[in-house]
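The values are calculated or read from the model by the stated rules, or taken from the named source; none is laboratory data. A quick note: this is a predicted structure, and the numbers were derived from the prediction, not measured. Counting neighbours? That spans all protein chains shown, and the Cβs are built from the backbone with ideal geometry, glycine included.
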């Protein structure tokens, strides 16, 4: 069933991308596997899925020890400063950097291991008090500060809009993130200003996100089912 869900979502991604004159290959699917066992991830892998999203460091560490180099893990939860040592070892991208203190701690940990790491800056685009992320008006300064850290590469922006049963209500927030990214791109503030990542959209609204420029969509329940 998981493999079938992966295939169905890929078809949806392709159809939406083509409908809005985008290359389907420009949109990557993150299978959000938090709270689901490695066995479920393996079933997704049987359909060719390699990119997974995790929210909890200890859980991700266990899965990485079992799956290792077979998977790419993106961290999509709130990262505590005392978990960075593990995070820099197992994740290929951290999508939720929203403060300079965290960026500096990550940079120091990376320096100890002699490696670099791709990150996204999380923006609280809807000013939702229940969500993490830097305020949109402060994103530019944060990117400027991070640019002095040699081991972090800011690839783009990530957001989680205020939840609504109506996915269309997410559109204004996705548009706002895209416009913010375009503004920061014009100022040359990303690691690669020719290829910016926008991580936005989940199971109920990823189609809207693709229409508004998402390059990464984070889909969990539509793949693995509802969490207990």
Near pairs, Cβ below 8 angstrom, 6+ apart or cross-chain, from segment 12-27 (touching a residue at least 12 places away in the same chain (Cβ under 8 Å) and at positive phi) to any residue that is surrounded by 12 or more Cβ atoms within 10 Å (Cβ to Cβ) and part of a helix (DSSP H, G or I): none
Scan of segment 29-57 for residues that are touching a residue at least 40 places away in the same chain (Cβ under 8 Å), more than 18 Å from residue 76 (Cβ to Cβ) and surrounded by fewer than 15 Cβ atoms within 10 Å (Cβ to Cβ), ordered by number: 46, 48
Tally of residues being touching a helix residue (DSSP H, G or I) at 6+ places or on another chain (Cβ under 6 Å), farther than 13 Å from residue 223 by Cα and in a helix (DSSP H, G or I) across segment 14-40: 5
Checking residue 5 against (1) over 19 Å from the mean Cα position of the chain (by Cα); (2) surrounded by fewer than 17 Cβ atoms within 10 Å (Cβ to Cβ); (3) in a helix (DSSP H, G or I), the condition it does not meet: (2)
Selection count, segment 186-206, where residues are within 18 Å of the chain's Cα centre (by Cα) and either closer than 20 Å to residue 133 by Cα or surrounded by 20 or more Cβ atoms within 10 Å (Cβ to Cβ) (or both): 11
The one condition in (1) farther than 29 Å from residue 134 by Cα; (2) within 19 Å of the chain's Cα centre (by Cα); (3) part of a loop (DSSP other than H, G, I, E, B) that residue 77 fails to fulfil: (1)
Residue within segment 111-130 that is surrounded by 14 or more Cβ atoms within 10 Å (Cβ to Cβ), touching a helix residue (DSSP H, G or I) at 6+ places or on another chain (Cβ under 6 Å), over 28 Å from residue 185 (Cβ atoms) and at pLDDT 95 or above present: no
Tally, over segment 131-164, of residues that are farther than 13 Å from residue 190 by Cβ and surrounded by fewer than 23 Cβ atoms within 10 Å (Cβ to Cβ): 16
